[in-house]
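The values are calculated or read from the model by the stated rules, or taken from the named source; none is laboratory data. This structure is a prediction, so every number in the text was calculated from the model and none was measured. So basically every Cβ, Gly included, is an ideal-geometry build from the backbone, and we count neighbours across all protein chains shown. When the accessible area is computed, the model is the full protein with side chains, heavy atoms only, and any ligands, DNA or RNA have been set aside. Shrake-Rupley method; radii C 1.70, N 1.55, O 1.52, S 1.80 Å.
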Amino acid sequence: MTDLLAPLAYSHGQPTQSGTLKASPDDFIVSESLGFTPSGQGEHFLVRIKKRGENTQYVANELAKACGVTSRQVSWAGLKDRHAVTEQWFSVHLPGKDDPDLAAFVETHPGVVSIEGTARHQHKLRPGDLIGNQFTLCIRQLTDPQALLPRLEAIAKEGVPNYFGAQRFGREGNNVAIARAWGRGERKVRDKSKRSFYLSAARALLFNQVVSARLKAGLFDQTLAGDLCMDEQKQTYTVEAGLQKPTITAPMTGDNALPTTADAEQFELNVVEQEPDLLAVIRDNRMRHDRRLIRLLPQAMTWSHDTDTLTVSFFLPAGAFATAVMREVVIANEQGERDAHID
């Protein structure tokens, strides 16, 4: 099995306890938050669905049938893991039509637990509409949950590396393997959705490697000359060396030059240039350079435990991975299936 996260550095030291994550879908609960309040009027019917053991695409397709429209008329703000209990919004384009009765839809789909709310809005849902997710995760079969409390306190205070989770890389890291073959010219990818997955995996892997290299070099909490930090408005600015900055960024590599300068630029180049095949496919597809924070701070983090079980709750911004948090807590054996394209 290929574990692309195994070589990455830890910010709180590698955990020593192992436990089982996703022993059942009820052990992985996700509730998404939109960045707006529906207006109450418009051509788009918004419905918040609580589902268990079903992926987003399947529920969207079945919702389209229930509303008498094509799947193209249903959209969402973010994909969710199949092996979980999740609440998320869907939008259905229903111009000039009344709100549909979804009682039969719920009754005939065991994976659809309930309809949590409906509303009308002027626009369909898009990925940028999601501001974050609330997680409640349960890890079982631990030998000593209480021994994890100092680690949890440190994570709540100092955060964790903002790594992309294994879901981004596909099963067995397959998306990265294909991206490398694509970059070497050994494979052609014509399907637009697949191209997107492979390119995303390539950029995510390079980001993870830069963050890990900073940790190993003792540069996770300290800036290099020419580093780019990010303010609250998500605007980047260049800094000098030696500053204690929790807002340091790393590259989401593109086809243009790195925007860092001096020592920071050289540090990042030394890492990303170790993956020439991934760089080739990114540059050939004219990907635009972007930046991502190297630190992830879970918000409103709480936890409880009993003899052999730990339950942790926290809120993460869109694009962050709960597995990046749990990786610093325990060595997690994931029992359930994973959706390779969750974000």
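Worth pointing out:
- For the criterion of being surrounded by fewer than 17 Cβ atoms within 10 Å (Cβ to Cβ), more than 22 Å from ARG140 (Cβ to Cβ) and of a type in the set (A, V, I, L, M, F, W, C), ALA318 fails.
- Considering (1) crowded, with 19+ Cβ neighbours inside 10 Å; (2) part of a loop (DSSP other than H, G, I, E, B); (3) not small (Gly, Ala, Ser), the lone condition that TYR10 does not fulfil carries the number (1).
- Within region 269-324, strands (runs of 3 or more DSSP E) holding 2 or more residues that are over 19 Å from the mean Cα position of the chain (by Cα) and of a type in the set (Ser, Thr, Tyr): 299-305
- Among the residues of region 91-108, at least one is more than 27 Å from LEU310 (Cβ to Cβ), under 23 Å from the mean Cα position of the chain (by Cα) and crowded, with 18+ Cβ neighbours inside 10 Å.
- THR236, sole failed condition from (1) touching a Lys or Arg at 6+ places or on another chain (Cβ under 8 Å); (2) free of Cβ contacts under 8 Å to residues at least 40 places away in the same chain; (3) farther than 25 Å from TYR10 by Cβ: (2)
- If only residues of region 57-108 that are in contact (Cβ under 8 Å) with a residue 40 or more places away in the chain and of a type in the set (S, T, N, Q) are counted, the one that is nearest to VAL30 (Cα to Cα) is THR86.
- Residue check for ILE131: under 16 Å from the mean Cα position of the chain (by Cα) and either over 24 Å from LYS80 (Cα atoms) or among the β-branched types (Val, Ile, Thr) (or both): yes
Here's the yes/no breakdown for (1) modelled with pLDDT under 95; (2) open to solvent by less than 20 Å² (accessible area, probe 1.4 Å):
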site	(1), (2)
LYS245	yes, no
PRO251	no, yes
ALA257	yes, no
THR261	no, no
GLN266	no, no
VAL272	no, yes
PRO276	no, no
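- Restricting attention to region 302-315, the residues being open to solvent by 60 Å² or more (accessible area, probe 1.4 Å) and either over 18 Å from GLY19 (Cβ atoms) or of a type in the set (Ser, Thr, Tyr) (or both) number 3.
- With respect to the stated conditions, LEU228 is of a type outside the set (S, T, N, Q) and more than 23 Å from GLY173 (Cα to Cα).
- Test: VAL239 is of a type outside the set (Ser, Thr, Tyr), surrounded by 16 or more Cβ atoms within 10 Å (Cβ to Cβ) and over 24 Å from the mean Cα position of the chain (by Cα): yes
- Residue selected from region 185-219 under the condition small (Gly, Ala, Ser) and part of a helix (DSSP H, G or I), by the criterion nearest to LEU269 (Cα to Cα): ALA213
- Top-ranked residue in region 28-85 [being among the charged types (D, E, K, R) and farther than 30 Å from GLU334 by Cα; ranked as least open to solvent (accessible area, probe 1.4 Å)]: GLU43
- Within region 143-163, restricting attention to residues that are in a loop (DSSP other than H, G, I, E, B) and open to solvent by less than 10 Å² (accessible area, probe 1.4 Å), the residue that is farthest from ALA318 (Cα to Cα) is GLY159.
- Positions within region 286-307 being touching a Lys or Arg at 6+ places or on another chain (Cβ under 8 Å) and modelled with pLDDT under 95, in sequence order: MET287
- Residues considered: ARG187, ARG171, ARG140. Of these, the only one that is open to solvent by 50 Å² or more (accessible area, probe 1.4 Å), under 30 Å from THR16 (Cβ atoms) and either modelled with pLDDT under 95 or polar (S, T, N, Q) (or both) is ARG171.
- Annotation for region 209-219: no member residue is free of Cβ contacts under 8 Å to residues at least 40 places away in the same chain, within 17 Å of the chain's Cα centre (by Cα) and surrounded by fewer than 20 Cβ atoms within 10 Å (Cβ to Cβ).
- Complete set of residues in region 321-335 that are surrounded by fewer than 16 Cβ atoms within 10 Å (Cβ to Cβ) and either modelled with pLDDT of 95 or more or of a type in the set (A, V, I, L, M) (or both): ILE331
- For the residues GLY111, GLY173, the requirement of being in contact (Cβ under 8 Å) with a residue 24 or more places away in the chain and closer than 23 Å to GLU32 by Cα singles out GLY111.
- Qualifying residue in region 208-216 (condition: over 20 Å from THR56 (Cα atoms) and among the hydroxyl-bearing types (Ser, Thr, Tyr)): yes
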